[in-house]
């Protein structure tokens, strides 16, 4: 039985980790960390856990935690994991960080986009970017995994096969994405109040969203070249879900069958990436509450462009589900253990 500690267990991603791991056959949560609710019963914070979780919330003492568990999940804001991790801790325990602290290999890029100084840059090179479908073998050997961002997971997986095969002109890539409000976290913010969000849709972080360099870096590895994209996120009035619509110019004339074969080459054997049938567009409703990503594409012969589409649950495959998928790989378990739940509908 894998002993698990969670720092940041009362945020949305942390709460989703608790929900998923509570039903995991090979894992047991022994530390529910939450700086905001120390000594308060976890089920009082999340009433859905009444008579399911009897534990109380604890602090974020990573050094003490490392002596008690096999793996630590840090579902915390940027900067915290980087400020806590050190060699002594990593010699005792594996860490899966759900923040951006170790996702970007260039520390200057990280500090520029996130506006904070990185406190443990010596571990950036070692950290494995935990997009399982792409870095599976490296994840298996890792002691520090950088769990990808929600927008980035959807955006990268949607375009990855075509970037990898050199089918699209990467200088023309545009990513237009929509997310539910849970992606902004659980802390109180006026722009996320019900009256601000309901009956509304808005773009935000235009040209400045922090997931931009992460998408560029990973698709750059795939394409074998430096990538610069336009990434525009939007907030929509729903709890969960991300829909990414991506546009790029084709390098050559291709048929539907040729492009479909490329997607199947990379995803036919993947449990959690579903390439939809022809002319079926991904919808957030069909992946809600699950670890699945639905992807598809449409060729626009009139403009010589291709439209790539992806949908997923931002709290599951975009955060907690992917983190558990990484944990399974790191401990030699079946990759889908604890994650084989069917999407919710309606």
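Highest GNM mean-square fluctuation among 314, 328, 192, for the chain modelled with Cα contacts below 10 Å: 192. Using Cα-Cα distances under 8 Å and only pairs 6 or more residues apart, what relative contact order does the chain have, in percent? Once divided by the residue count of the chain, the mean separation gives 17 percent.
Quick one: if the Förster radius is 22 Å, what FRET efficiency do residue 344 and residue 52 give, using the C-beta to C-beta distance and rounding to 0.05? Spell out each step's value before the answer.
Working: r = 18 Å, r/R0 = 0.83.
The pair residue 344/residue 52 has a calculated efficiency of 0.75.
Taking other Cβ atoms within 10 Å as a rough exposure proxy, 58, 1 sort from fewest to most as 1, 58.
In the chain, the DSSP beta bridges split such that about 45 percent are antiparallel, to the nearest 5.
Among 50, 297, a tally of other beta-carbon atoms within 10 Å of each Cβ gives an order, fewest to most, of 50, 297. Between the Cα long axis of helix 212-223 and the first principal axis of the chain there is an angle of about 60°, rounded to the nearest 10. In the elastic network of the chain, a GNM with C-alpha springs shorter than 10 Å, the most mobile of 51, 218, 78 is 51. Rounded to the nearest 10 degrees, the inclination of helix 12-21 to the longest alpha-carbon principal axis of the chain is 80 degrees.
Relative to the longest principal axis of the Cα atoms of the chain, helix 256-267 runs at roughly 20 degrees. The distance separating the Cα centre of the range 97-133 from that of the range 246-291 comes to 29 Å. Residues 59, 106, ranked from the fewest to the most other C-beta atoms within 10 Å, line up as 106, 59.
Once the chain from residue 278 to residue 200 is taken as fully extended at 0.36 nm per residue, the excess over their C-alpha distance is 25.0 nm.
Short-range pairs are left out: with C-alpha atoms under 8 Å and at least six residues apart, the relative contact order of the range 1-141 is 20 percent.
Just want to confirm a number: the relative contact order over the range 91-204, from Cα pairs under 8 angstrom separated by 6+ residues, in percent.
Values: 92 pairs, mean separation 26.7, N = 114.
Relative contact order comes out at 23 percent.
Based on the Kirkwood radius over alpha-carbon pairs, what value in µm²/s does the Stokes-Einstein equation return for the translational diffusion coefficient of the chain at 4 °C and 1.567 mPa s?
In µm²/s, the coefficient rounds to 63.
Since every read-out is calculated from the coordinates, none of them should be taken as a lab result. These figures come from a predicted structure and were not determined experimentally. FYI the Cβ positions are ideal-geometry reconstructions off the backbone, even for glycines, and counts take in every protein chain you see.
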